[in-house]
Amino acid sequence: MPDNTLTHYLCIGCPLGCRLEVESDDGDNVVEVRGWTCKKGDAYARQEHIDPRRMVTTTVRVNGGRWARVPVKTSDAVPKGQVEAICRALRSVTLAAPVRMGDVIVRDVFGTGADIVATRDMPAAG
Amino acid sequence: MLYDVVIVGGGVIGSAIARELMRYRLRAVLVEKECEVGFGTSKSNSGIIHAGHHSAPGTLKGDLEWTGNQMWDPLNADLDFGFKRIGELTVAMNEAQVHEIEALKRQGETRGVPGLEIWDRERTLKAEPNLTPDLLASLSAPTAGVINPYEACFSLVENACINGLELSVENPVLGITPEPDGTLTVKTRHGLYHTRFVINAAGVFADSVAAMVGLNDFRIYVRKGEEYLLDKRLEGFVQRLIFPCPDPVTRSKGILVIPTFDGTLMVGPTSHVVDDKDDLTTTSAGSDEVFDKVTQVVPGISSRDCIAEFAGLRAVADGEDFIIGPTAVKGFINVAGIQSPGLTAAPAIAAMVIDILRDEGLALAPNDHFIPTVPRRVRFGALPIEEKIRLADENPRYAHLICRCEHVSEQEILDAIHDGARTLDGVKFRTRAGMGRCQGGFCTWRIMELLAGELAIPISDVTKRGGGSWIIMQREEGEQQV
Amino acid sequence: MITGKLSHLEQHYDVVVVGGGPAGMAAAVGARDAGAEKILIVDREKEAGGILWQCIHPGFGLHHFKEELTGPEYAQRYLASVMDKGVDVVTGAFVFDADRDRRIQLTSGQHGIRVIDSKALVLGMGARERTRGAIRIPGTRPAGVLTAGLAQKFVNMMGFLPGKRVVILGSGDIGLIMARRLTLEGVEVVGVFEIMPHANGLNRNIVQCLHDFDIPLHLSTTVAHIHGRDRVEKVTVAPVDAALRPIMEKSWDIDCDTLLLSIGLLPENELSRQLGISLDPVTSGPVVSSRMETSMPGVFACGNVVHIHDLVDFVSQESYLAGTNAGEFVTGKRRPADNVRLVPGENVRYCVPHTISTDREHTVYMRVRQPLEKCLIRLGDVYQKKLLYVFPAEMVNLTIRPRFLEQFHGDALRVDVVPRDT
């Protein structure tokens, strides 16, 4: 017990915003989650503690389109630590219009298993 | 090559002088430090053409106010910048103030201002039902009017340029040297101008410009006025300019309600001396002062209706009067300390300066090719529907609306750019695009695209008002690889 | 696929919908489903879909499409169903006038000035962002003060950045989401400042847009002064007292070149004012019946033009209902009129719709004034329901069923949200 560490999270399930406390042992195994009001909070804290993931949404440059950027997303949530690197890398990608919603822009980005896909059609300008 | 006249400063005074000068065969240049004319004091004031009775007799201000007032009708007939005589009411809340407005009436009548009438409470409220029922009487002055002062500047200079004026913007004057032969050399950021006359119309900086030729006989200090614009939904809430009774000690005109030329109500200005000639800040104290005082006269006005605010600086000379005339330096003429009612007086000041130049030996041969007008600018939103349909058929860009709050079309914005707008503010003050309740939230990006396209510059080079007022940055692309 | 130009504009339509954002799109679909034949959406932008196109983040569609979508996906999918149903969509067109005969005047670069008759009119003009003038921030007037939504347009659609070092005023969701967007684009976000003692955005956005990037959120703090002649150079921020006035003795300066404002939305009701329909001073939107009909028969309203929503799914739901009723108005099968007025009571700022009928089920949207935990929502003394929490930033919706009102015989029903022990 004295070696156990306490980590705090703000639950995002609803506006209540429960202050969640995760107690973990020296192997970073979750011992107990406290502070939740509903079970969603307990599950959220475990996931955030063990393997926090995020959907990434950003834009990619497109030439000849109705707009200069086309919005993209990851097809699945990726490890939180990869978010900034993925966005930085996508700054060097340039597409040519037209682009279709669902088009895969980058496959298996950084080995996460998630693809970068366009989230709208980008017709050619005019 | 010798210029006849260099005008320093493109405010309404310099602009009006420039336009009058071009009635004669002269070589003249107007140098302006900002990126467009009218971007100093002339852009940020109440836009009132005063009725003619306010200023004390025996002053230049008093003499030129009424003369100037009468010159705006023909000027507007030529240049079509928009001028309406909406009249004003000066409101008396107690017996002492009733005596004050009676004295104002006599002052105006002595000067020949027509139509001045004392209205009792009932008549006042019948004309302006949203004034406080606590008032006792008012002085009605039907000769008062409103203009958009910046549009007046743009039109005056546009017309002057049609008639041969050279215009040099973003070009501050760095020094002026009297030459042995009686001419002057004006050193500017963009080069030297060798000239016979310099008109110092440099506004709040007129004392610094005079000091360049060694004249240190006056000082300009600045009085700041904060003004607050209200949502257009209040259009018509009051129909006339509403003045409180002037303070018997300071003679300050106080906080006004101004139905601007475009119908937007404006309240202000405050009037406080500040040290910094670049101090264009609005303050919470100023806002409180404006709304506290204005609601005493027009109780229905609320700060909740505010859509924008600004501050302007008035150039005040020692002694409070205008300083207009030749100086100890041959060819150097001051037009300084032009505070209120300077806008009203501007055409009269221009005429006076022409006389001074003649007296000082400038030969004024009429320019037989003088064109008094500028091409009429279309204000699409204000046209009757049949006219709209006709114009839209002719040019679809009139039917393509860019600014939804003020109903400004693509073609009007293109017209403004062709007439000289170089910046978002330049477009805004010519067309009202971005001046309405959303304050450009919806249309800024479109206007930037149009400016960039017409001026053949990258969008990121479009500025709010020149100088370092950039709006967006390019991304740094391509430095990383996937 | 995503509509561009409508080649031919008719002169008569069954239903004209003003605005092609989520509200207008749903209303058009609703009108078609209710049997209206000729339907026109008029949108002022170059493509219908509204603000969704620039909201590239996820969090949309969980209620309507039963899956989590980004804004553009929601827009494109919805627009596809609008097109499938044969609705005419005219873009780049602005309705500048409408009258009580439901005749509109529009202006468009492609079609010129046109007068169009409609049997039913639906107002779905949306909202605009509050600007600096609305809160009168003291200081200079440099470039670099802009609303979060305009910045979002610059970044997500045009590909420009608003600055290098940004301060955000207001903790609404758009402000939080822009904090993350700008950070991911390499812009430094110095902090988010909120004048109220609580954040205005969702906890999810507090965590994923601020905490994830160590961006501080300063509550009960505001921007008290803007500095810089040409461009923003710094801002002075200060904590506020109980009356929300800045305490200048405790202020500090932050160097930055940009101030983003995320200080709320205002319904765009200029056309409603021209029409002369009744507006609710609390919502700043039209007073509407349970048919989403305004005080002018045959004129309906929905979405942010009626009241500011926080979830697009509810905009779609409300607007589909408005469209259905507009369609029924045209086909002549009207639902019975309302017979009960809803009266916002304790801790309730407003209710939409403003009236209901006791003969059918209604979804009523409302906003509370104060946050409460473990509370009750009460309809007069005939019905009550337990709620775990209410927050001003989250719309409360309540389904009112006819059986709740069996014992009610009045014409005005008071709605309260109160702690459970009262």
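The values are calculated or read from the model by the stated rules, or taken from the named source; none is laboratory data. Quantities reported herein were computed from a predicted structural model and do not represent experimental measurements. Glycine also receives a Cβ, built like all others from the backbone with ideal geometry; neighbour counts cover every protein chain displayed. These area figures cover heavy atoms from the full protein model, side chains too; ligands, DNA and RNA do not enter into them. Shrake-Rupley method; radii C 1.70, N 1.55, O 1.52, S 1.80 Å.
Against chain A, whose longest principal axis comes from its Cα atoms, helix A:39-50 is set at around 80 degrees.
Amide H to amide H, with H built 1.01 Å from N, B:CYS35 comes under 5 Å of B:GLU170, counting only residues 5 or more places away or on other chains. Measure up B:LYS232/B:LYS464; B:LYS253/B:LYS293; B:LYS33/C:LYS234; B:LYS43/B:LYS464; B:LYS43/B:LYS277; B:LYS33/B:LYS464 against 21 Å on the Cα-Cα distance and list the ones that go over. Distance filter (> 21 Å) returns B:LYS232/B:LYS464; B:LYS33/C:LYS234. Applying the criteria of a DSSP loop state and at most 15 other Cβ atoms within 10 Å to the trypsin sites (Lys or Arg not before Pro) of segment C:271-380 yields C:LYS333, C:ARG334, C:ARG360, C:ARG369. Relative to the longest principal axis of the Cα atoms of chain C, helix C:22-33 runs at roughly 10 degrees.
Along segment C:176-188 the Karplus relation, 6.51 cos²θ - 1.76 cosθ + 1.60 evaluated at θ = phi - 60°, assigns HN-Hα couplings of 5, 5, 5, 4, 5, 4, 5, 4, 5, 8, x, 8, 8 Hz to successive residues, with x for each Gly and Pro.
Could you tell me which of rounded, prolate or oblate describes segment B:56-108, using a ≥ b ≥ c as the square roots of the eigenvalues of the alpha-carbon gyration tensor, with rounded for a/c under 1.5 and, failing that, prolate when a/b is larger than b/c and oblate otherwise? Since a/c reaches 1.5 but b/c is at least a/b, the shape of segment B:56-108 is classed as oblate. Highest GNM mean-square fluctuation among C:GLY109, C:GLY61, C:GLY24, for chain C modelled with Cα contacts below 10 Å: C:GLY109. To the nearest 10, the accessible area of C:ASP381 is 150 Å² with a 1.4 Å probe. With contacts taken as Cα pairs under 8 Å at a separation of at least 6 residues, segment B:380-461 carries a relative contact order of 24 percent. Averaged over peptide B:275-283, the number of partner chain Cβ atoms lying within 10 Å of each residue's Cβ comes to 3.
Treating only the Cβ of Lys, Arg, Asp and Glu as charged (+1, +1, -1, -1), what charge dipole size does chain B show about its Cα centre? Round to the nearest 20 debye.
So the magnitude is around 400 debye.
Close amide H contacts of B:THR283 (hydrogens built in the peptide plane, cut-off under 5 Å, sequence separation of 5 or more or a different chain): C:GLY139. Take each residue in C:50-59, count the other chain C-beta atoms within 10 Å of its C-beta, and the mean is 4. Highest-first packing order for the peptide set C:213-224, B:363-374 is C:213-224, B:363-374, based on the mean count of other beta carbon atoms within 10 Å. Once you divide the Cα radius of gyration of chain B by 2.2 N^0.38 Å, the number left is 1.00. Residues whose amide H comes within less than 5 Å of that of C:CYS256, counting only those at least five positions distant or on another chain, are C:LYS234, C:VAL235 (H built at 1.01 Å from N in the peptide plane).
Of the Cα atoms belonging to segment A:5-50, the radius of gyration and Dmax stand at 9.8, 32 Å. Build a GNM of chain C with springs between Cα atoms under 10 Å apart, and of C:LEU169, C:LEU40, C:LEU376 the one that fluctuates most is C:LEU376.
By DSSP, the beta bridges lying fully in the protein assembly as shown are antiparallel in about 70 percent of cases.
In terms of its C-alpha gyration tensor, segment A:57-118 has a prolate overall shape, because the principal axis ratio a/c (a ≥ b ≥ c, square roots of the eigenvalues) is not below 1.5 and a/b outweighs b/c. Applying the Karplus relation 6.51 cos²θ - 1.76 cosθ + 1.60 with θ = phi - 60° to segment B:127-135 yields 3J(HN,Hα) values of 6, 10, x, 8, 6, 5, x, 7, 6 Hz, where x marks Gly and Pro. Per residue, the Cα convex hull of chain C amounts to 151 Å³. Legend: mean number of C-beta atoms from other chains within 10 angstrom of residue C-beta atoms, peptide C:105-112, equals 6. Judged by the ratio a/c of the largest to the smallest principal axis of the C-alpha gyration tensor, the protein assembly as shown counts as prolate, that ratio being 1.5 or greater while a/b is larger than b/c. Residue by residue, segment B:358-365 carries 3J(HN,Hα) couplings of 4, 4, 7, x, 7, 6, 10, 8 Hz when phi is fed to the Karplus relation 6.51 cos²θ - 1.76 cosθ + 1.60 (θ = phi - 60°); x denotes Gly or Pro.
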